[in-house]
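Data block below; observations after.
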Amino acid sequence: MKRRDVIKGLGLLPVGGLAGGLDAFAGTGSPMAAPKRDLFKELGVRTFINATGTLTYMTGSLMHDYVLDAINYGADQFCMLDELQDKVGERIAKMVHSESAVVTSGAFSAMTLGLAGILTGMDQKKVEALPHIAGTGMKSEVICQKAHDIVYNHAFINTGCKIVAIETVEELERAINEKTALMHFLNISQGGKISQEEWVALGKKHGIPTSIDIAADVPPVSNLWKFNDMGFDMVQISGGKAIRGPQSAGLLMGRKSIIQAARLHMPPRGFNIGRGMKVNKEEILGMYVALEQYIARDHDKEWKQWEKSIALIEAAAKSVKDVETKIWVPQGGNITPNLSISWEKSGKTPEGKELQERLRNGSPSIEVGGGKKGINVTAWMLKPGEDKIVARRIKEELQSLLA
Ligand SMILES: *Cc1c(COP(=O)(O)O)cnc(C)c1O
């Protein structure tokens with residue numbers, strides 16, 4: 001048996017236990033692995049099947065074996081942090097068609113660091129001045145469309161800048177002034193009047209850098225390069241959503257001058273606003289391999305698997321009298337088949353939240369989305385075989401709820 005097969009056969013063993021177990025298996029004479037600790041159990045922390053999505057409060061996504069391998073590999077040796085960021089950044093930039101790239105501690109920190117780089121350039125005095133912009137001569141305003149002004153724009157406020165929200169091209173052009181540092185776009189939003197292409201063109205026309213938040217917007221995989229190709233000066237994405245890299249990682253992609261300056265605000269340097277946004281070699285290597293393997297995977301096959309799982313769960317839910325279902329795909333971001341399940345026809349009153357609660361409290365615990373009228377399910381964060389469990393549990397609880 002090949003090692004790879006052994007690993008597959010062992011399933012999802014924790015990493016420490018896996019390495020020890022393999023050594024023992026290979027007959028190296030090393031001691032058997034210590035009994036693995038069930039840490040969540042020891043701590044009394046609930047674990048669950050994730051049938052809802054890549055949500056930070058649910059710890060995002062699960063890393064594939066190859067990402068864990070990269071993390072473990074990196075954990076065993078020293079290297080220079082800047083050298084690793086340089087080399088990994090070059091490789092990532094090629095993969096995503098950008099001039100440059102750097103691994104950050106998430107899309108949010110990529111927004112802060114990118115803007116910080118734009119504000120200060122390579123001027124160390126300015127780097128040290130942030131977030132106190134007044135009196136430094138640095139620009140201090142970020143323009144975005146009203147519908148794009150969401151919680152995560154606080155990343156920009158961290159630099160000391162303020163957000164100026166506009167709705168039309170006329171308002172945008174009136175808002176642009178000598179203090180405008182950046183024009184930012186939120187890709188997931190369907191609410192703005194101005195398109196991505198227009199945004200880039202307007203930025204070029206007025207000499208203002210443009211930025212786009214695509215944090216949760218793969219699949220499609222092509223979004224990794226689409227906005228770099230389109231001409232955005234910087235692009236931010238999360239590492240720990242569908243890419244399934246470390247949850248504490250993300251990418252800042254874009255112009256070399258911006259990334260270079262952004263690096264002044266990052267560890268190993270400390271006289272800056274970004275020292276607390278540290279990623280070490282493990283996250284950097286994990287992010288690199290996660291991205292490489294994400295790009296290389298068979299996306300059609302993966303999509304078909306999600307559809308298959310959703311169809312299985314739908315059939316189980318629909319087999320209960322008066323239950324209605326709808327399969328739909330969100331636009332903009334979090335693009336994966338979704339299944340809405342409702343029971344208005346039954347005349348029964350329980351809210352979706354009640355079914356959500358029952359699934360949460362059942363065994364195994366399952367997380368789904370829940371609202372007033374029903375629940376919502378996705379399959380992209382399910383492990384193989386979990387679709388059947390989710391289908392069975394939803395059917396059981398629907399039968400009991402609507403009896
Ligand atoms: C998740 C998300 C963020 C934050 O990303 P992190 O990688 O968690 O820092 C920012 N913007 C949008 C639209 C998101 O969905």
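Among the residues of this structure, residue 279 counts as one that is among the hydrophobic types (A, V, I, L, M, F, W, C) and within 15 Å of the ligand (Cβ to nearest atom).
Please find, within the range 250-259, the residue that is nearest to the ligand (Cβ to nearest atom) out of those that are outside any loop (DSSP other than H, G, I, E, B) and open to solvent by 10 Å² or more (accessible area, probe 1.4 Å).
Residue satisfying both the conditions and the ranking: 258.
So, residue 247, is that one open to solvent by 10 Å² or more (accessible area, probe 1.4 Å), polar (S, T, N, Q), within 16 Å of the ligand (Cβ to nearest atom) and more than 30 Å from residue 382 (Cβ to Cβ) or not? No, not satisfied. Scan the range 329-380 residue by residue and report those that are away from the ligand (no atom under 16 Å from the Cβ), in a loop (DSSP other than H, G, I, E, B) and crowded, with 18+ Cβ neighbours inside 10 Å. Hits for the range 329-380 are 337, 343, 368, 379.
Residue under question is residue 334, and the condition is that it be on the phi > 0 side of the Ramachandran plot, under 28 Å from the mean Cα position of the chain (by Cα) and not small (Gly, Ala, Ser); does it hold?
On the way: on the phi > 0 side of the Ramachandran plot: yes; under 28 Å from the mean Cα position of the chain (by Cα): yes; not small (Gly, Ala, Ser): yes.
Yes: the conditions hold for residue 334.
Considering only the range 130-144, state which residues are open to solvent by 40 Å² or more (accessible area, probe 1.4 Å) and not charged (D, E, K, R).
131, 132, 134, 135, 136, 137
For the range 149-168, the set of residues classified as within 16 Å of the ligand (Cβ to nearest atom) and either aromatic (Phe, Trp, Tyr) or out of contact with any Asp or Glu (no Cβ under 8 Å at 6 or more places or on another chain) (or both) consists of 149, 150, 151, 152, 153, 154, 155, 156, 157, 158, 159, listed by residue number. Against the test of being part of a loop (DSSP other than H, G, I, E, B) and under 25 Å from residue 220 (Cα atoms), the options 273, 243 yield a single qualifying residue, 243.
What tally of residues in the range 169-198 results from selecting those that are among the hydrophobic types (A, V, I, L, M, F, W, C) and more than 16 Å from the ligand (Cβ to nearest atom)?
Going residue by residue through the range 169-198, those that are among the hydrophobic types (A, V, I, L, M, F, W, C) are 169, 172, 175-176, 181-183, 185-186, 188, 194.
If we keep only those that are more than 16 Å from the ligand (Cβ to nearest atom) as well, we get 169, 172, 175-176, 181, 183, 194.
Of the residues in the range 169-198, 7 are among the hydrophobic types (A, V, I, L, M, F, W, C) and more than 16 Å from the ligand (Cβ to nearest atom).
Pairs linking a residue in the range 79-100 that is in the same structural domain as residue 284 (by TED's automatic domain parsing) and within 20 Å of residue 265 (Cβ to Cβ) to a residue that is open to solvent by 20 Å² or more (accessible area, probe 1.4 Å) and aromatic (Phe, Trp, Tyr), with Cβ atoms under 6 Å and 6 or more positions apart or on different chains, are 88/288.
The values are calculated or read from the model by the stated rules, or taken from the named source; none is laboratory data. Keep in mind the model is a prediction, meaning the values are calculated, not measured. All Cβ positions, glycine included, derive from the backbone under ideal geometry; neighbour counts span all protein chains shown. Side chains included, ligands, DNA and RNA excluded: accessible areas come from the protein's heavy atoms. Shrake-Rupley method; radii C 1.70, N 1.55, O 1.52, S 1.80 Å.
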